[in-house]
Amino acid sequence: MKPLARKLLLGMLLLYCPLQSWAWNWRTRVSVSLKKQPLHEVCRHLEKEYGILFAYSRDIVKMSQPVDIDVKNVPLKRVMEMLFEENGVEYKKIGEQIVLTVKKKEQRTINGYIEDGRTGERLIGATIYSPVLQVGTVTNQYGFYSITTKKDTLTLIVTYLGYDPLVLRLEDKMSRQIKVQLTPSNMLKQVEVSESTPKLQDQTQMSRVSLPMVSVKAMPKLLGEADVMRAMMSMPGVSGGREGASGLNVRGGSPDQNLVLLDGTPVYNPSHAFGIFSVFNPDMVKNVELYKGAFPARYGGRLSSVADISLKDGDMRKYHGEVSLGILSAKFMVEGPIWKNKTSFVVTGRRSLFDMYLSDLADQELELGEKGEFFAYFYDVNAKINHIFSSRDRLFISAYGGQDNMKVLKDIDKFDADGVKSFNEYLNFRLGWGNQIYSIRWNHIFNPRLFSNVTTSFSQFFFLTDYRYRYESYKVPDRDNLFGKYYSRSQNGSLKMDFDYRPHPDHAVRFGLHSTYHIFEPGITQFADDGEDRPKTDTVYNKQKPGGLELSLYGEDDWRIRDSLHLNLGVHISAFMIFPKTYVSVQPRLGFRYMLPRNWAVKLSYTNMVQYIHLLTNNNTYLPTDLWVPVTEKVKPMTSNQVAIGLAKTSKDQQYEVSLEGYYKSLNNVIEYEEQVSNFQSASKNWDEKVIRGSGSSYGMELLVQKKTGRTQGSVAYTLSRSNRSFPTINNGRVFPYKYDRLHDVEFTIMHKFKKNWELAANWEFSSGVPLTMPSASYEPGTGASPYDPVVDPGNGQVDLVKDRNTLRMAEQHRLDVSVSYNWQRKLFAYMINLSVYNAYNQMNPFYYYYAHNEGTGKRELTQLTLIPVLPSLTFSMRF
Amino acid sequence: MMRKITLLIISAFLFTSCLKTVDMDLPYDGDKIVVNAFMQVDSVVYIRVTKSEPPGSNSFTELDKATVSLFENDQEIPVTRKVINGLGYFVSARQIKYGYNYKVKATADNLTAVSAVDSLPQQPMVGLPSGFVGGNRIQFKLQDRAGFTDYYRFRIYLAEVSGGRPVPVTPLKVRFDPSYNNEFIDIFSREYYVTNIISDERFSGSEVNVVMQTENPLPADQYLVVEVTALTPTAFKYLKSLQYQGANVENPLVEPATVFSNVTGGYGIVAGINSTRVPFKAN
């Protein structure tokens, strides 16, 4: 053999041995095509074809499950993944063989509640996250969290605005329930349960405004009263009615299109004093979230917004109280444990004081007589009890009652020109309206990943006025005895089951079932005449009680597709049954979030909403005389579609938040009265023939920049928007601006806490003029049939031609409100005195325009009414 | 009205609201012919023709050179212009009768021609008025027709005897039991009205005992006249909407009200009415 040939043969022999020993590695490409074969058969095939040896215990590793595999020239590693990942088998190359073992569970779920360490108050929207894995979650509306992470995660961080961050060290690797208690940060002197949400770029939810109660209370007050609804109006996309009125208009919607929830129960009329104040006592409110769009699937039944207001649960450990006295109202709050760390209560009460100032005026204006009385006030009372049965079960019982009342009692003797008693007149007139809300909620944790809340509730709004009128002449046998009553009422009772399920770190699922029965009594009158010389009468009109059953089913999944890509998919399916008609709707909800460089998130949403109840109104403002009515065969449910796109970011230190959103919303089947009607109208059975149906649209852009931490906090909110309506018989069917359409709306808010006791807050608002309807001609009225008849003024010296609606604009409005607070502590008591000045530079903003008759010139002059000039107020409060 | 309560309460805690005259250019719809005629059964028709003016005006130019025609169904009734109490009217040559439709047409130089049509209502059945001297109550019976929606206007006058019969002279301010008109607030306010307009919604087909409270005690030895006027739906819509506009002109809580008009091409009202006047003396 030649030397070269020998060398080659030796080399081949040397090469052959290692190739036999290490003939395969993870990159070795293999081809397998087997159908419905057990796993062990696939292993045998690989062994036979490629010499890949598998070692495992048949008693421990389950290898009988059938699999399908069809691969060609695929790396061995990939084939192993395909075979074993889904089948709970772990594989490892050890020497020349692949050793198979049972896959160990790598994840665990930590769940529980996050609460205030001092009071036990559950914290909504607190963040808990793993800094290593960069995954986290937030507590839900009940303070519950569930986070599934890798088993070797040993540290979690819990944060919440106004509280010291907490590093949670996990001692073992088991799933477990952990109650997290946060300590309020020292900077805040008065600890308030405030709201916080995770960074904007970490939320798929958009078009949501969260209002920290600390800020609500720090904002300048109107007549000394902090107000949640008024604070909402300082947010972009949200406006009030005309100055002084607090009907919320969200993204071009009307106030009746807002779903206002108090601890999950709808509130029909959330205002006192004709809309100037809301019914929510700020001392009782824990958390406020306002959704302007991108509605989660769990909400339904209204078109334009959801204001979800959560009340305090009460301190589980110590008793606290607060009393305050302002120009407008006096109020108190008491909270504390009934059974320490098990049961707590909280009670608040508030009563307005303006009848104290009004009674003299009323006496003069209404001639009430010596026995006369006058009351005009509102009050509200909240009470809540919560009880912890176990770490898994908790019960809340809450009640709210509030009313606006007016009473005029007149008992007066009238005298004739000679000073002789002529007749006695007795009148007892009452006017009132209010809400009553009761709810029982039960929180239950089924397992670390499944949380449930069951709510049963009742809500009612009523309006009532009645009178008793007696007349008796001293001179002649003439007497009268009349009784009249008018009332309207809307009620609903509901049962809701909501579930919060975290099946996987990448999925946060919510689903539930709601059923609500609505009852309406839209304007019922009753009259009785007991005049002695006439037959007695007792007559009731429009006594009817239409009822409707609303059922809804929803599901939504907040899905992390990748770290940078999230999707929120949801659907809300509802049905409204009002005999003999049933309306069914399927309302898709979609949210999308994508992370851009530098931690900016781009968000998209689409929502479809349906509303089965309408509000009959004839007014510029939202009045308690307005009537809620259900849909009928003729008047169909209102519907809306809304798309929104936005950019959002919270700075790394969480000091600043920026969000920019654009939206387009369409509305269908909105209604208006065809003709003017009086305030005490009745929605008789044919009310649907007296209304016209139309459509609307709104679009706009909203910018919100907030500084949320530090001694100086503040925000800039800017809205550029348009809102329109169209009805076949208004403005000849042309599209016209909606009554609260404002092109520009800017709000600056700033709050500063000085080191020693002082706090300063200011709010400046500018908005474009709202639409205005004015006469476009005047002409002579028709008076009588004959010029020889006595002249009877028909009430008007002219007729004003009111033709097209909202073709003009009021003047622009701007206003500065400022407030200074001084806080001090003495022993156990904390005191606060607040001076607020509303409209500090006394801007004469227009509320209304009309033609006033000038007695001097005999002419009519266009006159502007300004409702609220500069208005200071003082409030004193004391806490223990 | 609700407005009174609202403003009372609002003014109480807002101390004072402010008013100021403003200068704002309001667009004007242009000159139009205005025709006003309430056509009383068994009476001649007095047609007033004027011109509309820019918004805010309260004096109006009469179109004395307008051409006015009145038709009873399709038959024309001549009209002539007369000046009565300083105002010009186009007066029909004869009386009009129940059972016919009446149409008014008017034209004037450089203005769009207008027309309006209406029928006449039946006479209301009213009787047995009474009241006590020094009392503040007037009662009378009203028989409403069954099966129809009827509309009424009520007025009470102090009368003077002229030509041997009582002639209404001074309208009295009165107010209704709110069960007829739902004006609950009037019951505690001091509002009295010279004109009350209602439909028979609450008493259709019944004989009702209407009670009205007068602002001042009833006089002795002087005639009073109860005037009940039946209105066509057209007349009712016009008068009710006119009353609503007048009552709410300063009400910031409601949209400005539109006054009904049946005049095509212009403004105003041509509507049938039928009044019954029953004189009596308080006991």
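The values are calculated or read from the model by the stated rules, or taken from the named source; none is laboratory data. Keep in mind it's a predicted model, so treat the numbers as computed, not measured. Cβ atoms come from the backbone with ideal geometry, glycine included; neighbour counts cover every protein chain shown. When the accessible area is computed, the model is the full protein with side chains, heavy atoms only, and any ligands, DNA or RNA have been set aside. Shrake-Rupley method; radii C 1.70, N 1.55, O 1.52, S 1.80 Å.
Between B:GLU215 and A:VAL420, what's the calculated FRET efficiency when r is the beta-carbon distance and R0 is 22 Å? Round to 0.05. Let's see the in-between values first.
Details: r = 18 Å, r/R0 = 0.81.
The formula returns an efficiency of 0.80 here.
What spacing in nm lies between the two simple spin-label points modelled at A:LYS371 and B:GLU191, each 7 Å away from Cα in the Cβ direction?
2.7
Once you have the Cα-Cα distance between A:TYR841 and A:ILE338, take 0.36 nm times their residue separation minus that, and quote the gain in nm to one decimal.
Gain on extension, A:TYR841 to A:ILE338, equals 176.2 nm.
With contacts defined as alpha carbon pairs under 8 Å and 6 or more residues apart, what's the relative contact order of chain A in percent?
Here the relative contact order equals 8 percent.
Could you provide, to the nearest whole Å², the per residue accessible area of the range A:369-499 with probe 1.4 Å?
Numbers: 5110 Å² over 131 residues.
Result: 39 Å² of accessible area for each residue.
Whose amide H sits under 5 Å from the amide H of A:GLU90, counting only residues 5 or more places off or on another chain, with H placed in the peptide plane?
Counting only residues 5 or more places away or on other chains, the set is A:THR101, A:VAL102, A:LYS103.
In nm, what is the difference between 0.36 nm times the number of residues separating A:ARG734 and A:PHE829 and their Cα-Cα distance? Intermediate results must be reported in sequence, preceding the final value.
On the way: separation 95, 0.36 × 95 = 34.20 nm, distance 6.20 nm.
Net length gain for the segment: 28.0 nm.
May I ask you to compute the full-extension gain from A:GLN97 to A:ALA55, defined as 0.36 nm times their residue separation minus their alpha-carbon distance, rounded to one decimal in nm?
The A:GLN97-A:ALA55 span can extend by a further 14.5 nm.
Between B:LYS173 and A:ASN757, what is the label-point separation in nm under the 7 Å Cα-to-beta-carbon projection?
5.7
What number, in percent, do you get for the relative contact order of the range B:33-118 if the mean sequence gap of Cα pairs under 8 Å and at least 6 apart is divided by its residue count?
Contact order relative to length: 31 percent.
With only alpha-carbon pairs counted, each pair once and no self-pairs, how large is the Kirkwood hydrodynamic radius of the range A:107-186 in angstroms?
Over the range A:107-186, the inverse of the mean reciprocal pair distance is 12.4 Å.
Probe of 1.4 angstrom, ligands and nucleic acids ignored: what's the accessible area per residue over the range B:33-118, in square angstrom?
About 46 Å² of surface per residue is accessible.
Over chain B, what is the relative contact order in percent, taking alpha-carbon pairs closer than 8 angstrom and at least six residues apart?
22
Please report, for the Cα atoms of the range A:426-476, the Rg to one decimal and the Dmax as a whole number; what are they, in angstrom?
24.6, 84
I'd like the FRET efficiency for B:GLU201 and A:ALA330, computed as 1/(1 + (r/R0)^6) with the beta carbon distance as r and R0 of 41 Å, rounded to 0.05.
So, using R0 = 41 Å, E works out to roughly 0.35.
Mind ranking A:VAL381, A:VAL670 by accessible surface for me, highest first, 1.4 Å probe?
The ordering from most to least exposed comes out as A:VAL381, A:VAL670.
In bins 5 Å wide, starting from 0, what share of all Cα pairs of chain B does each bin hold, as a percent?
It works out to 1, 5, 10, 13, 15, 15, 14, 12, 9, 5, 2, 0, 0, in whole percents.
I'd like to know which of A:THR455, A:ASN724, A:LEU567 lies farthest towards the positive end of the charge dipole of the protein assembly as shown, counting +1 on Cβ of Lys and Arg and -1 on Cβ of Asp and Glu.
A:LEU567
Ignoring everything but the protein chains, give the 1.4 Å probe accessible area of A:ASP411 in square angstrom, nearest 10.
A:ASP411 has an accessible surface of roughly 40 Å² with all protein chains in place.
What is the local net charge at A:ASP263, summed over the other residues whose Cβ is closer than 12 Å to its Cβ (Lys, Arg +1; Asp, Glu -1)?
+3
Can you tell which of A:ILE124, A:ILE114, A:TYR145 lies farthest toward the positive end of the dipole of the range A:113-159, using +1 and -1 charges on the Cβ of basic and acidic side chains (Lys, Arg; Asp, Glu)?
A:TYR145
Determine which residues of the range A:620-645 fall in the zone a paramagnetic label at A:LEU596 would reach in this model, i.e. backbone nitrogen under 15 Å from the point 7 Å along Cα→Cβ.
A:645
Take the Cα atoms of the range B:33-118, build their convex hull, and give its volume per residue in Å³. Present the calculation step by step, with values, prior to reporting the outcome.
On the way: hull volume 8.7 nm³, N = 86.
In the range B:33-118, the Cα hull volume divided by residue count equals 101 Å³.
Counting Lys and Arg as +1 and Asp and Glu as -1, each charge on the Cβ, what is the dipole of the range A:22-102 about the Cα centre in debye, to the nearest 20?
In debye, rounded to 20, the range A:22-102 gives about 200.
Express the carbon and sulfur contribution to the solvent-accessible surface of the protein assembly as shown as a percent, rounded to the nearest whole number, probe 1.4 angstrom.
55
In the range A:328-457, how does Rg compare with the Kirkwood Rh, expressed as the Rg/Rh ratio over alpha carbon atoms?
1.30
What nm distance separates the two modelled labels at A:PHE880 and A:TYR474, each placed 7 Å from Cα along Cα→Cβ?
Result: 5.5 nm between the two label points.
Set Lys and Arg Cβ to +1 and Asp and Glu Cβ to -1, take the dipole of the protein assembly as shown about its Cα centre, and tell me which of A:VAL250, A:VAL158, A:TYR541 lies farthest positive.
Of the listed residues, the answer is A:VAL158.
Per DSSP helix of 4 or more residues, -39500 (n - 2.57); summed, then divided by the residues of the protein assembly as shown. What does that give at 222 nm, rounded to the nearest 500?
Dividing the helical sum by the residues of the protein assembly as shown leaves -2500 deg cm²/dmol.
Please calculate the 1.4 Å probe accessible area of A:TYR469, with all protein chains present, and give it to the nearest 10 Å².
So the heavy atoms of A:TYR469 present about 10 Å² to solvent.
Count the DSSP beta bridges whose two residues both fall in the protein assembly as shown, then state the antiparallel fraction as a percent rounded to the nearest 5. Before the final figure, lay out each step's value.
Numbers: 433 of 453 bridges.
Counting only bridges with both partners in the protein assembly as shown, antiparallel ones make up about 95 percent.
Place a +1 charge on the Cβ of each Lys and Arg in chain A and a -1 charge on the Cβ of each Asp and Glu, then give the dipole magnitude about the Cα centre in debye, rounded to the nearest 20.
Details: 107 positive and 92 negative charges, 1188 e Å.
Dipole size: approximately 5700 debye.
To one decimal place, what orientation-averaged projected area in nm² is obtained for the convex hull of the Cα set of chain A?
Seen from a random direction, the Cα hull of chain A projects 54.3 nm² on average.
Where both partners of a DSSP beta bridge lie in chain B, what percent of those bridges are antiparallel, to the nearest 5?
Antiparallel bridges make up about 90 percent of those DSSP assigns within chain B.
Over the Cα atoms of the range A:22-102, compute the convex hull volume and normalise it per residue, giving Å³. Could you put the intermediate results ahead of the total?
Working: hull volume 6.2 nm³, N = 81.
Taking only Cα atoms, the range A:22-102 has a hull volume of 76 Å³ per residue.
Please work out the FRET efficiency for the pair B:THR149 and B:ASN58, using the Cβ-Cβ distance as r and a Förster radius of 45 Å; give the result to the nearest 0.05.
Approximately 0.85, to the nearest 0.05.
Residue by residue, what Karplus-based ³J(HN,Hα) values in Hz, rounded to whole numbers, does the range A:843-855 have, using 6.51, -1.76 and 1.60 with θ = phi - 60° and x for Gly and Pro?
My calculation for the range A:843-855 gives 6, 8, 6, x, 10, 6, 10, 7, 8, 9, 7, 8, 4 Hz in order.
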